[in-house]
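This report refers to the structure that appears directly beneath it.
The values are calculated or read from the model by the stated rules, or taken from the named source; none is laboratory data. Quantities reported herein were computed from a predicted structural model and do not represent experimental measurements. Positions of Cβ are generated from backbone atoms using ideal geometry, with glycine treated the same way; all protein chains shown enter the neighbour counts. For accessibility, only protein heavy atoms count, side chains too; no ligands or nucleic acids. Shrake-Rupley method; radii C 1.70, N 1.55, O 1.52, S 1.80 Å.
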Amino acid sequence: MSDPLFLNRRNFMRGSSASLAVASPALAAGRSVVLVRNPSDPVAASAPVRIAAQALEQALTGAGFSLRHSARVAPGKFNIIAAADRTPGPGESLSLTAQSDGIAATGADARGLAYALYELADRVRYAPQTAFQKPLAESPANPVRSVMRQFVSEKLDKPWFYDRQMWP
């Protein structure tokens, strides 16, 4: 929008983050981040999580952080731990939890963990000073996202299309 008073969520976060402090002393000291993913964790090693980790890496380096990948937590460094959530929950659930030496990004499955890493990437991109401060826990509102039936044959599809018992 061209209205100078219009402020969307991203611009608000970008403008309000300048005056706030960094989340961790380890992060404030060197702006060095370690992305921890265990290769034996099937969720953390999945393709969606690898792609989300690349997006997070681009956001971190774009914001001026130096990034290192590791399979173990690095003492004295700011660690972003990407792992499967060990508590049972619905698919695509995610959480961001502050740790003493960083933040844990967890997901109930590969999509949930990927969503957690994408959320961190957005936070780093639009509010790098406060990106690691706010915890988050989310689950999908609907267990079924969509149902698709195609109407391709009048002879075969008219019976179910007009069946009032099927639609509820």
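General remarks:
- Filtering 74, 141 for residues that are within 22 Å of residue 57 (Cβ to Cβ) and hydrophobic (A, V, I, L, M, F, W, C) leaves a single hit, 74.
- A Cβ distance below 7 Å, combined with a sequence gap of six or more or placement on separate chains, defines the contacts here; from region 125-136, residues that are within 8 Å of residue 98 (Cα to Cα) reach residues that are assigned to a loop (DSSP other than H, G, I, E, B) in the pairs 132/23; 132/24; 133/23.
- The number of residues in region 81-111 being touching a Pro at 6+ places or on another chain (Cβ under 9 Å) and not acidic (Asp, Glu) comes to 12.
- Filter pass, residue 35 being in contact with a His (Cβ under 9 Å, 6 or more places away or on another chain), open to solvent by less than 10 Å² (accessible area, probe 1.4 Å) and not charged (D, E, K, R): yes
- Residue that is nearest to the chain's Cα centre (by Cα), among those in region 38-65 that are among the small types (Gly, Ala, Ser) and open to solvent by 60 Å² or more (accessible area, probe 1.4 Å): 62
- Selection count, region 86-134, where residues are touching a helix residue (DSSP H, G or I) at 6+ places or on another chain (Cβ under 7 Å) and open to solvent by 50 Å² or more (accessible area, probe 1.4 Å): 5
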